Amino acid sequence: TPLDMACLGGDIKIVQLLLQNGANPNPQGELSTSPLHMACDAGHIAIAKLLLQLGVDINLQVDEPHYPEKSLTPLHLACYRGHTTLVDLLLQNNVDLSAQSKSLDTALHTASRRGHLNILKLLLE
């Protein structure tokens, strides 16, 4: 959607404009992504904060087309990319640490596999 692309691109003014004009931050139907997933994948913390303030589903699982894993949460993507600040934001918003991908990986598995020590420390606190 245009909102997904704006979240990926990182321009919060465009995201706000789309939201003000009726863009739905909560995906419906069988979509392969969500605005929060896009923001977490690209490391755009201000956009992620805005979406969380709007009450989007922080634990939504989707099949991201650019990842071999399926049923990923925004936390999985932030851990995969090494976005420590985003992981911290998600943790502050009560993200489900036990959410598993279709291959049963948690965010802890993802961070371990990618070698993101700072994220591992956050997840284990």
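Every residue, every condition in (1) among the β-branched types (Val, Ile, Thr); (2) loosely packed, with under 13 Cβ neighbours inside 10 Å; (3) modelled with pLDDT of 95 or more, yes or no:
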| position | (1), (2), (3) |
| --- | --- |
| 71 | no, no, no |
| 96 | no, no, yes |
| 99 | no, no, yes |
| 124 | no, yes, yes |
Quiz prompt | Qualifying position, being at pLDDT below 95 and over 13 Å from the mean Cα position of the chain (by Cα), among 109, 66, 116 | solution = 66
Quiz prompt | Among residues of the stretch 81-109, those that are free of Cβ contacts under 8 Å to residues at least 40 places away in the same chain and farther than 16 Å from residue 60 by Cβ, counted | solution = 11
Exercise. Check residue 77 against each of (1) out of contact with any Lys or Arg (no Cβ under 9 Å at 6 or more places or on another chain); (2) farther than 18 Å from residue 4 by Cβ; (3) surrounded by 19 or more Cβ atoms within 10 Å (Cβ to Cβ) and name the one condition it does not meet.
Key: (2)
Quiz item: Taking only pairs six or more apart or across chains, which ones have beta-carbon atoms under 7 Å, a first residue in the stretch 1-27 that is in contact (Cβ under 8 Å) with a residue 40 or more places away in the chain and under 18 Å from residue 55 (Cα atoms), and a second residue that is of a type in the set (S, T, N, Q) and crowded, with 16+ Cβ neighbours inside 10 Å?
Solution: none
Quiz item: Within the stretch 13-43, how many residues turn out to be closer than 19 Å to residue 78 by Cβ and either surrounded by 16 or more Cβ atoms within 10 Å (Cβ to Cβ) or of a type in the set (Asp, Glu) (or both)?
Solution: 14
Quiz item: Across the stretch 26-47, what is the number of residues that are more than 14 Å from residue 3 (Cα to Cα) and modelled with pLDDT under 80?
Solution: 2
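The values are calculated or read from the model by the stated rules, or taken from the named source; none is laboratory data. Here the structure is a predicted model, which means the values were calculated and not measured. Note that each Cβ is placed from the backbone with ideal geometry, even for glycine, and that neighbours are counted across all protein chains shown.
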